[in-house]
1. What residue, among those in segment 213-259 that are modelled with pLDDT of 95 or more and polar (S, T, N, Q), is farthest from the chain's Cα centre (by Cα)?
2. So which pairs qualify, if the first residue must be in segment 554-567 and within 15 Å of Leu628 (Cα to Cα) and among the hydrophobic types (A, V, I, L, M, F, W, C), the second must be modelled with pLDDT of 90 or more and outside any helix (DSSP H, G or I), the Cβ gap must be under 9 Å, and the two must be at least 6 apart or on different chains?
3. Any residue in segment 477-495 that's not assigned by TED's automatic domain parsing to the domain that holds Val454: show its pairings with residues that are of a type in the set (Gly, Ala, Ser) and assigned to a helix (DSSP H, G or I) at Cβ separation under 7 Å, as long as the two are six or more apart or on different chains.
4. Just to check your reading of the model, which residue among Lys242, Lys182 is within 30 Å of Gly299 (Cβ to Cβ), in contact with a Ser or Thr (Cβ under 7 Å, 6 or more places away or on another chain) and of a type in the set (D, E, K, R)?
5. Evaluate segment 341-358: report whether one residue or more is among the aromatic types (Phe, Trp, Tyr) and free of Cβ contacts under 8 Å to residues at least 60 places away in the same chain.
6. Please find, within segment 68-80, the residue that is surrounded by the most Cβ atoms within 10 Å (Cβ to Cβ) out of those that are touching a residue at least 24 places away in the same chain (Cβ under 8 Å) and not in a strand (DSSP E or B).
7. Do we have Ile157 as farther than 17 Å from Thr100 by Cβ and either acidic (Asp, Glu) or surrounded by 15 or more Cβ atoms within 10 Å (Cβ to Cβ) (or both) here?
8. For the condition basic (Lys, Arg), surrounded by fewer than 21 Cβ atoms within 10 Å (Cβ to Cβ) and touching a residue at least 60 places away in the same chain (Cβ under 8 Å), what is the one hit in Arg297, Arg311?
Amino acid sequence: MHISCKRLLLVGIFCIALSFQGCSPATGKTTPDEFAQAIAAFSEYVESRMVQDHIPGLTIGFLKDGFSWAQGYGFADLENLVPAGPDSAYRLASVSKTFTALAVLQLVEQGKIDLEAEVQAYVPDFPRKEWPVTVRLLLGHLGGISHYRNYDLESHIKDPKDTREALAIFQDFELVAEPGTKYHYSSYGFNLLAAVVEAASGQPFGRYLRENILQPLGMDSSRLDDPTDLISHRVRGYRLIKGEVKNSEYVDISSRLGGGGMRSTIPDLLKYAEAVCEGRMLEPGTWQQMFISMATRQGRFTGYGMGWNVRPWKGHFQVSHGGSQPETRTYLLIFPNEGFAVAIGAKLEGAGLMPYVRRLAELVLEEDLDSRAYLPDSLEQILYNTCSQLAFEGMSRFDFLRQALTEDEQELEQAFAYFRTHVDPDFIRTDPMTAKAAVEGGFHPVENEAFVRVGTHMASVLHEAMGAERWASYRQDPLAFLSDYQKMAHSGFSISEPLMQLIRAWQEDWAQTYTEQVRKLVITPDSDFQALGKTLRGRFSGARIVPDLSREMIDAADFYLEAEDPDKSLEILGLSAALYPSHPELFLGMAVAHMRKGDVEQSRALYRQAHALSPIPLGHFEYQAERLKDSGKIEELKALAGIALELNPENALLHAEVGDMYLSLGDMARAADLFQRALELDPKIPGVREKLEALRKK
């Protein structure tokens, strides 16, 4: 089916109209009155947002205190006009990793797997590497195992693979780092864990999952994917190519095994989430071990436990995982201690799912889970970010542990001393670079988690002294968390007066700028940005802290950029930049829009400006390069690659990737130069020497 962007808008609306026919909650129960309004408001939001995101179909649902609801929107199959529904079956992609981790830890409890054992104890045919690779490190992406090394080859596998064949794809790859020293996300590492499960259990991986996890939880619509089997309500996958919806490329995902080989439905994922909330399937101590962030040998938390992302979310203890592969995008969010979860599956590759997850969570929980603060003074921004993170980390970790990290008075004195010394206006202004590193380290083992110790102590005091309503309000107002604590703090465990003066000033301005109207504001591409800008400029004028709405504006600007209207995109971004003049993401957005217009020099200047404010992640350049390539803007693609190299002249991997780009464009000489430079920067960079030698033979 050939569908343009404009026609897709109409198709999207038509899809949504169909999706309401015959749909019911996942439980089959009548929707409780307390959720009816939230569901209605969310469905209205989805109707607009799906058109903005060009998503042909998705299914989303939530769990709250035993009640679950799921709804399909759009089409499960565009060609045959089959509506998406609660029972639509999506590829889970990397959400599968959470099931692999659960299987490993079940076998650990049974004494069949030792977390500290090398993988060769279970998979003796897997080649030994330069350093030992243990089961524990693989669970946290610290094992040094490569992710996809040559994505152009490894992401297009058409033939089914058994476990031995799936391991053969990567078994001879060198480690990307010494195990324990670097977080390196690796689906192959979880494929290796699936092989460990098979060896330890004596069962094929799929059968182990079915008999020990899926069947006990009543997840009857979940399984390893198989293109040859008849799977009820299997959705079709799509991708956008030059703004048009196309069928996804056929890829057999049996080679993804434990890293991304499952298919399931949203109601089944909510059953899984409920088991996590209730602590079923594992002993309490094992769940706790699973949900503690791992740390590198250098003492830095990774934000990833055993198979789960475990970063706090606005004071909530949360675990989550996303998934992305041909045909699908998925996400599973759980607040375990609150009996709450959101699960979503979408059939558009590369679709952004977090706006849907956030909006549904906000409506159900009646919280603002997306509010951020912008401070024009960049050094005050560092202080505010540290204070809010301390509050949220403290609440989340207290929620997780049900106690403070420590009650030892000497340890607390040391932690508060570190806090008062480093989260101090004079210290920040005297040496910003040293201060920034020091405050970042305070949240990690490298500095004995000083800020987490402080935060959980504050949380324990407030949780005991305040009622549930006031405690919950701190998730919207971390400044109140700090000021309320200060009123009852012992002298040795208090916040310094200079910082408290700043906090009180922030609170005064925040009360004026973060109004109920702003809190409920939903920005879409259809918003009146001129009127919005006038309102916000008047309200924000002179304030030292204001709500940061830039992300919503960037989303709207990106919509117009994809619709080939860079001027409208620049209008929105210019308005946002006037409100948030030191926000690097806005300058990045303007740089992208100017590049799409062909204004290379203007784009280069904006990229430099953004990079000076905050180093630009290489992932940004990779994503924008794909967009330019898909749009046929080859000269702009080359210019973008040049800018990336200018800003990262010592990055070997970037030189190698740009070399691959020129190789794909047929410029062998430029590719060879870049490969040579990559090797000069890092003689051990994988695969580059072979490419260079192959070019020299031609």
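1. Gln215
2. Pairs found: Ala563/Pro525.
3. Final answer for the pair search is none.
4. Matching residue, one of Lys242, Lys182: Lys182.
5. no
6. Filtering segment 68-80 down to residues touching a residue at least 24 places away in the same chain (Cβ under 8 Å) leaves 68-79.
Among the residues that remain, those that are also not in a strand (DSSP E or B) are: 78-79.
Working: Leu78: 20, Glu79: 9.
The qualifying residue surrounded by the most Cβ atoms within 10 Å (Cβ to Cβ) is Leu78.
7. On the way: farther than 17 Å from Thr100 by Cβ: yes; either acidic (Asp, Glu) or surrounded by 15 or more Cβ atoms within 10 Å (Cβ to Cβ) (or both): yes.
When the stated conditions are applied, Ile157 passes them.
8. Arg297
The values are calculated or read from the model by the stated rules, or taken from the named source; none is laboratory data. Not measured: the values here are computed from a predicted model. In this analysis, Cβ positions are derived from the backbone assuming ideal geometry, glycine residues included, and neighbour counts consider all displayed protein chains.
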